[in-house]
Number of protein chains: 2
Amino acid sequence: MDWYLCDEHLINKKTKTMSQTDNEQAAIPEGATQAPSEYFTGTAWIKMLVPPNDLTDCTVGDVTFEPGARNNWHTHPNGQILVVTAGTGYYQEQGQPIQVIQVGEAVNIAPEVVHWHGASPDSRFTHLAINPNVSKGGAVIWLQPVTDEEYLSKM
Amino acid sequence: MDWYLCDEHLINKKTKTMSQTDNEQAAIPEGATQAPSEYFTGTAWIKMLVPPNDLTDCTVGDVTFEPGARNNWHTHPNGQILVVTAGTGYYQEQGQPIQVIQVGEAVNIAPEVVHWHGASPDSRFTHLAINPNVSKGGAVIWLQPVTDEEYLSKM
């Protein structure tokens, strides 16, 4: 497998694993709700596939970002795994360049690492967000918005 | 959200969340390896997206079953979450009827529940398999194969 480490992150760079292409536009899931503008720039949609529960203490959310949309800088007390299911997105950790992430790639994010993710400027983008052990410290701690200057540093 | 409980399982029955249809055939991921015949009936392919790691202690695998293929009856010491990404599949827990699962649906499986999953007879089927806390007791305990009689009980 073609794995590489970026600081504390393990990113699986590989070819498509699902029957999708980067050019496909993900549908907005039925029942999704708009992500709170307090923590997102632009429009994003969230549908919980697995809400907080005692069985696995792990949640899974389906998050779709319109082109140019991204979440604020944030951390996860217990880490998070992203799995890209549609489109082309951006992932950045503090002090590092933006990384482009594609369908079938996963990002394994360590606890307490400051980062953000979102769509690239020209592609609607969907990832699953997997949060293990959410009963222990919560899922996310939100920080400041990603500025246009930060977001456009990839261009 | 349209949730229902089936014994200890929380299943999210909903419409498509990804830009795929049931009729699309998932591609076999590049670098996937064939699942061991000791624990699978028919042909299945496994690609680890997130291998065992210290960052989140959670693994994610992409599993594709050819039509008719299924894994053995088994349990997970720490539970498991399935997220369907392509095709139409079967999920069954011991003593319950087979349930049909579709793209965008998730199954949240409690620890120690005896169950199996696989493709329906006419559809290649792909799900993500998410295993939290794999350092605590391992990911899976394999049991006996699912017989043709058990598998065809849905027909």
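The values are calculated or read from the model by the stated rules, or taken from the named source; none is laboratory data. None of these values were measured; they are calculated from a predicted model. Reconstructed Cβ throughout: ideal geometry from the backbone, glycine too, with neighbour counts over all protein chains shown. Only protein heavy atoms, including side chains, enter the accessible area calculation; ligands, DNA and RNA are left aside. Shrake-Rupley method; radii C 1.70, N 1.55, O 1.52, S 1.80 Å.
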Select from region A:139-155 the residues that are out of contact with any strand residue (DSSP E or B) (no Cβ under 6 Å at 6 or more places or on another chain) and assigned to a loop (DSSP other than H, G, I, E, B) and write down the one among them that is farthest from the other protein chains (Cβ to nearest Cβ).
A:147
Identify the single condition in (1) out of contact with any Lys or Arg (no Cβ under 8 Å at 6 or more places or on another chain); (2) in a strand (DSSP E or B) that residue B:136 does not satisfy, given that it satisfies every other one.
(2)
Can you tell which of A:68, A:95 is in contact with a Gly (Cβ under 8 Å, 6 or more places away or on another chain), small (Gly, Ala, Ser) and either assigned to a loop (DSSP other than H, G, I, E, B) or at pLDDT below 95 (or both)?
A:68
Out of (1) assigned to a loop (DSSP other than H, G, I, E, B); (2) at pLDDT 95 or above, the one residue A:60 does not meet is (1)
For region B:137-154, how many residues meet the condition of being modelled with pLDDT of 95 or more and either open to solvent by 60 Å² or more (accessible area, probe 1.4 Å) or not hydrophobic (A, V, I, L, M, F, W, C) (or both)?
11
Scanning region A:25-40 for residues that are in contact (Cβ under 8 Å) with a residue 40 or more places away in the chain and at the interface with chain B (Cβ under 8 Å from one of its Cβ atoms), the one most open to solvent (accessible area, probe 1.4 Å) turns out to be A:25
Consider region B:113-131. How many of its residues are out of contact with any His (no Cβ under 8 Å at 6 or more places or on another chain) and either aliphatic (A, V, I, L, M) or outside any strand (DSSP E or B) (or both)?
9
Working only within region B:76-100, note down all residues that are open to solvent by 10 Å² or more (accessible area, probe 1.4 Å) and either touching a Leu at 6+ places or on another chain (Cβ under 9 Å) or of a type in the set (D, E, K, R) (or both).
none
Between a first residue in region B:135-155 that is basic (Lys, Arg) and a second residue that is part of a loop (DSSP other than H, G, I, E, B), which pairs have beta carbons less than 9 Å apart while being 6 or more apart in sequence or on different chains?
B:136/B:57; B:136/B:77; B:136/B:78; B:154/B:97; B:154/B:98; B:154/B:120; B:154/B:121
Qualifying positions in region B:41-75 - without any contact (Cβ under 8 Å) to a residue 60 or more places away in the chain, over 20 Å from residue A:128 (Cβ atoms) and buried (at least 20 other Cβ atoms within 10 Å of the Cβ)
B:69
